[in-house]
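The values are calculated or read from the model by the stated rules, or taken from the named source; none is laboratory data. The shown structure was predicted, so the numbers you read here are calculated from the model rather than taken from an experiment. Positions of Cβ are generated from backbone atoms using ideal geometry, with glycine treated the same way; all protein chains shown enter the neighbour counts. Ligands, DNA and RNA are excluded from the accessible area calculation, which covers all protein heavy atoms including side chains. Shrake-Rupley method; radii C 1.70, N 1.55, O 1.52, S 1.80 Å.
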Amino acid sequence: MINITFPDGNVRQYEAGTTAMDIAKSISHGLAKKVLSAKINGEVWDATRPIHEDATLQLLTWDDKDGKMTFWHSSAHLMAEALEALYPGIKFGTGPATDGGFYYDVDTDGHTISSDDFPKIEAKMQELARQKNEYVRKPISIDEAIDFYKEKGDEYKLELLEKRREEGADITLYQQGDFIDLCRGPHVPHTGYIKAIKLTKVAGAYWQGDENRQQLTRVYGITFPKKKELDLYEKMIEEAKERDHRKLGAELELFMFSERVGQGLPMWLPKGNQLRDRLMNFLRVEQEKRGYKLVTTPHIGKKDLYVTSGHYEKYGEDSFHPISTPREGEEFLLKPMNCPHHCEIFAHRPHSYRDLPLRIAEFGTVYRYEQSGELHGLSRVRGFTQDDAHIFCTQEQLKGEFLNVLDLTKTVLAKMGFEEFTAQISLRDPETPEKYIGSKSNWEAAEQAIIDATKEAGLNTVTELGEAAFYGPKLDFMVKDALGRSWQLGTIQVDYNLPDRFELEYVGADNETHRPVMIHRAPFGSMERFISILIEHTGGKFPLWLAPEQFAILPISDRFNEYAAKVEQELAQHDIRGFVDDRGEKVGRKIRDAEVKKVPFMLIVGEKETENGTLSVRKQGDGDVGTMTVAEFAAYFQQQS
RNA sequence: GCCAGCAUAGCUCAGUUGGCCAGAGCAGCUGAUUUGUAAUCAGCGGGUCGGGGGUUCGAAUCCCUCUGCUGGCUCCA
């Protein structure tokens, strides 16, 4: 007998060789039906794999992330089986589960697979799923595996096997139906678990993620244990399309691009610019409260500046090349960062420790060469404005400054209606120290300061090794939007490198010179990217204080235009902004247009209202909310914001 | 940058296997209508079919190329 420890701490005895599925059945059949795989001693196993020793056990279902991953990984195998049936001779790269489904990289041997082929592939997958073929785990020696793939002629799998040989890893194959794949597993018990299937996209992907190697075809899909879940998923995709900031940006006239101006160079239209301005003003006020000083620096700087900062060496080739003066040939770069300029500001006079921390902020517009294929609406552009600041402080002040920034960021996110967020701590990859500059002790001190500050601020954190910048560790805020999607927003980065390169110093209480520490931080990240996320989060229904137009006054006929104009002025006195729709249209039409433009309040004025000095108030998306005087509406408005 | 796909009026889209002056709805303009909670009616204007080159008697339609866009990959100071 073996002891199985359950997540609640209970221990039960089972016969050696039992499986997670048997155990689930012993608890309840309803549960057993839902089990996809199981965590045995922290490792995810097939639910049907025998357990021979004492173990902790956690049954995994669709509700567990690992359960989903098992399900999708099995789905990738199912798709591979279908592809092999439809395209004989096809070769396989890797086919993992992802956060939102799965994919398989294939070498189609000259065939092209396009989305037109999806129905055919989906149908084949359905057919194979209905056969309820078991996923059979087959431990095998590496030589046998190599022989198998040599015969099959799949050089990708052979390469993977060679790698495994170096690692000395155990090899397993999994078979379902006629399809055999090199795989660690685990898998769901049989293909019948996969009920709803949808292939989502097809794209090129480099073998092993290396752009110098063969490009394979990556087919993406998603599957569900129930048809209903697929329907929900498709609804979510539809909703995301409706909220796409590129679509809403055009419809609401927030921003535009022009082929003539250039790719990735957004231009803000009046309404979008108002929104952007309000966000910046909000942040200006919050920063002023926290001791920041605003500065303004030019859009270009001498090449030497970036040679000093080290950016030229690292990014010179892959950024916009220098522009030069006509006579002297002196070279300037469009600034890709504000920090070198800010370092010069710090260095313009000697500093005492009494000056620190010095917090220099700027809404700095920067230009970066992004590969053309990377550009995407406002979220990835070549010219954008960072809500940047650099804090110069002493080593001892580091944690306090971090807490100050965390407080600012939390204030900003809360104000924007992002309820859920986590902080990602990015540290060095201990395996590749050569990728980072700066001393080991500095790195350790900085990493510890971040960890301590986030703990003290009570943040939810995840830690990622190897995600640090080359000059220091960082903390990124990941927010969840209204559709449950995660986005990376603001960032806080410690930098021991630039102060060194710019030889920044201050005089301490000991009358010795010391090197300050520098913190880069941007709560929004960039105005462009932040607004793109805000648009999708709100679906264009911005918080009242940000709405470009807060009301539309809709006169029933032009006889009431005069009263409407008067109301507009009165509301302006209350700092409520909007416009009068005095077109010769019916109210129904005016309401529709205001609804589509997502104007928060529609104020209908006709005979009754003009006589009584009132407004008939309609709320966007909600409909009629009753009649009130201008003063009453102003009060109602304040209470709503 | 790479792979795949797309580009027809301001917007959303029709346009059969190459073949009459390239269409519709919305938006715009003009006029009529004076309107009560999501689209009033009529008329008019608007396109070198993304740019360039080629094949053909003939190209929006086929080929090449450039530009831009979309989805991934790689990258992201």
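P(r) tail, the range A:2-61: Cα-Cα pairs separated by more than 15 Å, 38% of all pairs. Which value does Rg/Rh take for the range A:106-259 over its C-alpha atoms, Rh per Kirkwood? Taking Rg over the Kirkwood Rh, I get 1.07. Taking a sphere under 15 Å around the Cβ of A:GLN214 and counting the other residues whose Cβ falls inside, with K and R at +1 and D and E at -1, yields a net charge of -4. The alpha carbon convex hull volume per residue for the range A:551-640 rounds to 81 Å³.
Compared with the dominant Cα axis of chain A, that is its longest principal axis, helix A:527-538 is turned about 70°.
Semi-axis lengths, largest first, of the ellipsoid equivalent to the range A:99-184 are 26, 17, 12 Å, with √(5λ) applied to each eigenvalue of the Cα gyration tensor. Normalised by the number of residues in chain A, the average gap of Cα pairs under 8 Å and 6 or more apart makes the relative contact order 8 percent. Quick one: Debye curve from the alpha-carbon atoms of the range A:170-304 only, equal weights, vacuum; give me log10 I(q)/I(0) at q = 0.12, 0.16, 0.22 Å⁻¹ to two decimals. Taken in order of the listed q values, log10 I(q)/I(0) reads -0.92, -1.11, -1.33. Largest first, the residues A:SER379, A:SER115 sort by 1.4 Å accessible area into A:SER115, A:SER379. At 1.306 mPa s and 10 °C, plugging the Kirkwood radius over alpha-carbon pairs of chain A into Stokes-Einstein gives what diffusion coefficient in µm²/s? This corresponds to a translational diffusion coefficient of 54 µm²/s. Excluding ligands, DNA and RNA, the accessible surface per residue across chain A is 49 Å² with a 1.4 Å probe.
The charge dipole of chain A, taken about its Cα centre with unit charges on the Cβ of Lys, Arg, Asp and Glu (plus for the first two, minus for the last two), comes to roughly 1460 debye.
Distance between Cα centroids, the range A:1-78 to the range A:176-236: provide it in whole Å. That distance is 23 Å. Here the Karplus relation 6.51 cos²θ - 1.76 cosθ + 1.60, evaluated at θ = phi - 60°, turns the backbone of the range A:301-306 into coupling constants of x, 4, 3, 4, 4, 7 Hz, with x for every Gly and Pro. Element breakdown for chain A at a 1.4 angstrom probe: carbon and sulfur atoms account for 46% of the accessible area.
Principal-axis analysis of the Cα atoms of chain A puts helix A:155-167 at an angle of about 90° to the longest axis. Share of pairwise Cα-Cα distances greater than 21 Å in the range A:1-158 is 56 percent (whole percent).
When +1 charges are put on Lys and Arg Cβ atoms and -1 charges on Asp and Glu Cβ atoms, the dipole computed for the range A:533-590 relative to its Cα centre reaches about 220 debye.
Rounded to the nearest whole Hz, the Karplus-based 3J(HN,Hα) values (6.51 cos²θ - 1.76 cosθ + 1.60, θ = phi - 60°) of the range A:188-200 follow the sequence 6, x, 8, 5, x, 5, 8, 9, 10, 10, 9, 7, 10, with x at glycine and proline. Estimated from helices alone, the mean residue ellipticity of chain A at 222 nm is -11000 deg cm²/dmol (sum of -39500 (n - 2.57) over DSSP H runs with n ≥ 4, per residue). Under 5 Å from the amide H of A:GLY177 lie the amide H atoms of A:GLU134, each residue being 5 or more positions distant or on a separate chain, with H modelled from the backbone and absent for Pro and chain starts. To the nearest ten degrees, helix A:227-243 and the longest principal axis of the Cα atoms of chain A are 30 degrees apart.
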